[in-house]
């Protein structure tokens with residue numbers, strides 16, 4: 001038995017070393033930086049300080065007195081709202097697609113899985129820039145609508161919350177489709193037939209048979225969409241034009257232009273805690 005445990009430990013050693021070097025240590029470094037004071041010219045001063053966390057809710061006036069400021073709370077609220085809306089839209093759009101894929105013959109299912117994953121063959125930065133060309137004032141959408149006579153002046157489709165949400169949905173929709181499809185493709189079709197024999201209508205079969213069976217995929221897809229969406233950087237930076245700042249942009253700003261590393265680290269820790277609480281709630285909901 002001891003020999004078996006020793007062999008397992010040796011097999012796990014490379015994984016533990018990699019996780020420790022590239023995940024645990026950077027995470028501990030971020031947590032440590034969040035409790036340090038900001039340097040006058042960037043970086044940190046190695047003395048204990050809670051100013052980075054206080055700065056989330058307060059800011060110093062000209063006399064150095066802390067006063068409440070909701071500016072960063074608004075960034076967190078905007079990030080949460082856009083991420084929640086993105087998750088809901090991905091579910092609304094992705095569930096019918098996944099349901100249709102699961103109802104196809106095996107060969108056609110594989111083709112649809114490939115079509116869903118095709119966007120990942122191109123860099124996300126390139127795809128986000130492509131949306132800028134589509135949504136801008138003289139872009140494809142406005143030119144088409146004006147050519148059809150539906151609008152007289154170009155619509156303001158870029159550099160707003162609509163563009164950011166659209167970019168988020170486009171980026172993370174496959175993360176919803178694939179887990180839901182994985183749950184539905186294992187569904188026993190005889191359950192649908194049994195529900196039909198009991199005079200259940202189309203919507204009754206959907207609500208009482210299909211959705212409960214797809215629940216693990218829906219929960220997994222929601223996690224896979226919400227977590228990267230709330231920390232997204234590109235969609236808010238490019239499609240929002242800097243006007244719709246999200247948490248990811250705020251963190252990048254602190255480590256870059258503002259050079260306030262402790263505050264950026266504190267924001268990262270708070271974001272991780274939000275994600276962990278959200279995952280815990282989803283796990284509890286799934287277990288229920």
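Only a single item in (1) within 29 Å of residue 129 (Cβ to Cβ); (2) surrounded by fewer than 20 Cβ atoms within 10 Å (Cβ to Cβ); (3) more than 12 Å from the chain's Cα centre (by Cα) is not met by residue 244, and it is number (2).
Taking (1) outside any helix (DSSP H, G or I); (2) buried (at least 16 other Cβ atoms within 10 Å of the Cβ) in turn, residue 263 satisfies each apart from (1).
Residue-by-condition table, conditions (1) part of a helix (DSSP H, G or I); (2) touching a helix residue (DSSP H, G or I) at 6+ places or on another chain (Cβ under 9 Å); (3) surrounded by 11 or more Cβ atoms within 10 Å (Cβ to Cβ):
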| site | (1), (2), (3) |
| --- | --- |
| 19 | yes, no, yes |
| 27 | yes, yes, yes |
| 32 | yes, yes, yes |
| 47 | no, no, no |
| 63 | no, no, no |
| 75 | yes, yes, yes |
| 82 | yes, yes, yes |
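Considering only the stretch 104-117, I want to know if a residue exists there that is in contact with a helix residue (DSSP H, G or I) (Cβ under 6 Å, 6 or more places away or on another chain), touching a residue at least 24 places away in the same chain (Cβ under 8 Å), surrounded by 14 or more Cβ atoms within 10 Å (Cβ to Cβ) and within 19 Å of residue 234 (Cβ to Cβ). No, there is no match, as no residue in the stretch 104-117 is in contact with a helix residue (DSSP H, G or I) (Cβ under 6 Å, 6 or more places away or on another chain), touching a residue at least 24 places away in the same chain (Cβ under 8 Å), surrounded by 14 or more Cβ atoms within 10 Å (Cβ to Cβ) and within 19 Å of residue 234 (Cβ to Cβ). Among the candidates 115, 145, single out the residue that is more than 19 Å from the chain's Cα centre (by Cα) and more than 29 Å from residue 218 (Cβ to Cβ). Answer to the selection: 145.
Only one entry in 84, 37, 52, 32 is modelled with pLDDT of 90 or more and farther than 17 Å from residue 271 by Cα, namely 37.
Among the residues of the stretch 167-189, just one is touching a helix residue (DSSP H, G or I) at 6+ places or on another chain (Cβ under 7 Å) and over 19 Å from residue 117 (Cβ atoms), namely 187.
Residues considered: 126, 169. Of these, the only one that is closer than 25 Å to residue 225 by Cβ, surrounded by fewer than 16 Cβ atoms within 10 Å (Cβ to Cβ) and at pLDDT 90 or above is 126. Every condition in (1) surrounded by 12 or more Cβ atoms within 10 Å (Cβ to Cβ); (2) free of Cβ contacts under 8 Å to residues at least 24 places away in the same chain; (3) closer than 16 Å to residue 232 by Cα is met by residue 160 except one, and the failing one is (2). Going by the conditions given, is residue 151 at pLDDT 90 or above and either farther than 26 Å from residue 236 by Cβ or surrounded by fewer than 15 Cβ atoms within 10 Å (Cβ to Cβ) (or both)? Spelling it out, it is not the case that residue 151 is at pLDDT 90 or above and either farther than 26 Å from residue 236 by Cβ or surrounded by fewer than 15 Cβ atoms within 10 Å (Cβ to Cβ) (or both). Quick one: would you say residue 219 is more than 22 Å from residue 54 (Cβ to Cβ), in contact with a helix residue (DSSP H, G or I) (Cβ under 9 Å, 6 or more places away or on another chain) and either surrounded by fewer than 20 Cβ atoms within 10 Å (Cβ to Cβ) or at pLDDT 90 or above (or both)? Considered against the rule, which asks whether it is more than 22 Å from residue 54 (Cβ to Cβ), in contact with a helix residue (DSSP H, G or I) (Cβ under 9 Å, 6 or more places away or on another chain) and either surrounded by fewer than 20 Cβ atoms within 10 Å (Cβ to Cβ) or at pLDDT 90 or above (or both), residue 219 comes out as yes.
Scanning the stretch 178-208 for residues that are modelled with pLDDT of 80 or more and in a helix (DSSP H, G or I) turns up 178, 179, 180, 181, 182, 183, 184, 203, 204.
The values are calculated or read from the model by the stated rules, or taken from the named source; none is laboratory data. This one's a predicted model, so the numbers in the text were calculated from it and none came from an experiment. Cβ: placed from backbone, ideal geometry, glycine included. Neighbour counts: every protein chain shown.
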